[in-house]
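The block underneath contains the structure these notes are about, expressed in structure tokens.
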Amino acid sequence: MVYMAAGAPSVIIPEQPGESPGREREHGRGSAVPPVRPWTRYGVLGLLTLPLGLLGSAFWLGRHVRPSADEWCFLPSVRDHGIAGLVGKFYLSDNGRLGNGLLVGLYAKFEVAGHQWFGLVSGVVMLGLLWAMTVLLLRLAGRTAPRGVPLLVASMVTVVFLFASLNTYKTFYWPASSVSHTAAPVLACAAAVPLLWARSRRGRVVAAASALVVGAFLGTLSEETSVVALVVLTALLLLNRRILVPRVRAQARAWCLAGVAGIGIGTLLLLTSPGSRNRRERYDAGTASMFAPESLADSLGGFLDILGTLLTTWHYLAALAAGVLLALLTGNREGRAPVLLPCRPLFLLGAGTVTFLVAGYLCTVITYPLFGSHVVTAYRTWNDYLLLFVVLLAGAGVLLGRALRGHARHTGAVATAACAAMCVAVCVGLAFPLGELGENMRVRAEKWDHQDQWLREQAARGARVLPYKPLSVSGMGEPFGGRGSRNWPARCVADYYHLKRITYTERLP
């Protein structure tokens, strides 16, 4: 919400009476479209290589991903019963998430290769959607930017969203987690693209239909992301008249209501499923325990701890810096009437902050019965509302950049250099832990491949019981974890290799 409205010019008026209406200025402060100097163009392109290079390196490291945890159970299910069989298992016995089962089945169908390619495919889709939204939001705000700036902002948001986590493997490289908590909020943004693109009545109908379909799918994909989407849509409905010009309010309301209806349909389908009932009974996660005063208080304490971690993780400052750069490097788009009302920074920032806090707390409430006090260390579940946090920071950066734009030229130059330096520092700072993670993944992949080949060979010779050494990375679940104290998912590993059972060993075969 802040990201949408922050870049809108406060007042669009002619320079002088009688001048062409295409000539604009903001708050009466000189030319609306700053000239693009060569150093600006080359500087943006040079800076852009850092987040894109980091993303490319992360995608390349995806070749070292191997199955673990839940995926040991998904693989034999998809192999023996197909994607439809896994979807049915999710709906009837596991958790009721039809959409989740479909996406898991799509990558599990390709076994190890599906896990290796998941990071690249999901990362490119996330970056592409955020890039498209940045471009379309600039157009609707009546702004224009030098080439590369929208992609720079989208790539920096993607980088901190994916890699500033305290456990990047679980939030990005673990496909089962990413489907539910990392890709899901970005896919929710996909519903906004048809709305931002719509220019005709047919386009508006398509946008509303897309919101309905995406909302229904989201409701069967991730309960937490559905909660975040509902909070955001409700905020947009309530603030519609205070951020949008009259001619687009009805269109925005219809889109929001379609999204709410879609999420409601999907959530109803999920909550009434046998799988969801089984899950709630298994973890005692019914509405009575979820909304008990003690649970609500503990959820609040957990969310405050999470919030403290987010606010003290300096890498997220790159999103703020990217927003400042976006404001400083853009100008008014001539001849384009914005759809956003004059900007009120404090109102926008306050509304965005309240929306994030409500969404984050509600997500913590519905995950607390499952994780308990460990919700503070279940980093992957933060991602459902983390994207909203990162976008809020980017929007705050835009507001700060607008304020700086009204001062002397050298102030803007200093701010631009400082923000570019922050983006560089964050990319460099994230590159080292990513490289270390990549090395750990490589070592595990070599051992995993060796053990996999040996198990297959022995099973082909008729062996029914074989030893298995747990191979974990970044705290991932493996059979016989905790030096053999935890068996799950040993049964699934035995099914995968067509064995009767596996036994614990501390040595590779």
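Every read-out reported here was derived from the displayed coordinates using simple, explicitly stated rules and does not represent laboratory data. These figures come from a predicted structure and were not determined experimentally. Heads up, the Cβs are rebuilt from the backbone with ideal geometry, glycines too, and the neighbour counts pull from every protein chain shown.
Structure above, values below:
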{"item": "Helix axis angle, 149-163 relative to the chain longest principal axis, alpha carbon, degrees", "result": "30"}
{"item": "Directionally averaged shadow of segment 36-443, computed from the convex hull of its alpha-carbon atoms, nm²", "result": "19.9"}
{"item": "For the chain, cysteines whose Cβ has no other cysteine Cβ within reach (under 4.7 Å)", "result": "189, 256, 343, 363, 419, 423, 427"}
{"item": "Packing-based exposure ordering (other Cβ within 10 Å, fewest first) of 226, 165, 474", "result": "474, 165, 226"}
{"item": "Gain in span if fully extended, residue 237 to residue 347, counting 0.36 nm per residue against the direct Cα distance", "result": "38.0 nm"}
{"item": "Potential lengthening between residue 205 and residue 45 on full extension [0.36 nm per residue; Cα-Cα distance subtracted]", "result": "53.8 nm"}
{"item": "Value at 222 nm in deg cm²/dmol, rounded to 500, when DSSP H runs of n ≥ 4 in the chain each add -39,500 (n - 2.57)", "result": "-22500 deg cm²/dmol"}
{"item": "Local electrostatic count, residue 373, Cβ distance below 13 Å [Lys/Arg +1, Asp/Glu -1]", "result": "-3"}
{"item": "Residue 374 paired with residue 304, simple spin-label distance in nm, labels 7 Å along Cα-to-beta-carbon", "result": "2.4"}
{"item": "FRET efficiency, residue 268 to residue 245 (Cβ-Cβ, R0 35 Å, nearest 0.05)", "result": "0.50"}
{"item": "Beta bridges per DSSP with both ends in the chain, % antiparallel, nearest 5", "result": "60"}
{"item": "Order of 72, 314 under a 10 Å beta carbon neighbour criterion, fewest first", "result": "314, 72"}
{"item": "Qualifying trypsin sites (Lys or Arg not before Pro) in segment 121-166, DSSP loop, other Cβ atoms within 10 Å at most 15", "result": "147"}
{"item": "Nearest-20 debye value, segment 75-170 charge dipole, Cβ charges on Lys, Arg, Asp, Glu", "result": "300"}
{"item": "Positive-pole candidate from 174, 246, 261, dipole of segment 136-293, charges at beta carbon", "result": "246"}
{"item": "Mean separation of Cα contacts under 8 Å (6+ apart) over length of segment 413-509, as relative contact order %", "result": "27"}
{"item": "Violating pairs (Cα-Cα greater than 21 angstrom) within the set 109/469; 469/500; 89/109", "result": "109/469"}
{"item": "Ordering of 457-467, 92-102, 244-254 by burial proxy (mean other Cβ atoms within 10 Å per residue, highest first)", "result": "92-102, 244-254, 457-467"}
{"item": "In nm, spacing of pseudo-spin labels at residue 197 and residue 407 (7 Å Cα→C-beta vector)", "result": "4.0"}
{"item": "Ordering of 494-503, 319-328, 183-192 by packing [mean C-beta count within 10 Å, highest first]", "result": "319-328, 183-192, 494-503"}
{"item": "Phi to ³J(HN,Hα) by Karplus 6.51 cos²θ - 1.76 cosθ + 1.60 over segment 64-74, Hz, x for Gly, Pro", "result": "8, 6, 10, x, 6, 6, 4, 5, 4, 7, 5"}
{"item": "Mean separation of Cα contacts under 8 Å, 6 or more apart, over the residue count of the chain: relative contact order %", "result": "23"}
{"item": "Part-to-part distance (alpha-carbon centres) for segment 101-178 and segment 420-473, which is given in Å", "result": "22"}
{"item": "Degrees separating the helix 383-405 axis from the principal Cα axis of the chain, which is the longest one", "result": "20"}
{"item": "Extension reserve of the residue 120-residue 284 stretch, reckoned as 0.36 nm per residue once the Cα distance is removed", "result": "55.4 nm"}
{"item": "Sorted by Cβ neighbour density within 10 Å, fewest at the top, the residues 223, 334", "result": "334, 223"}
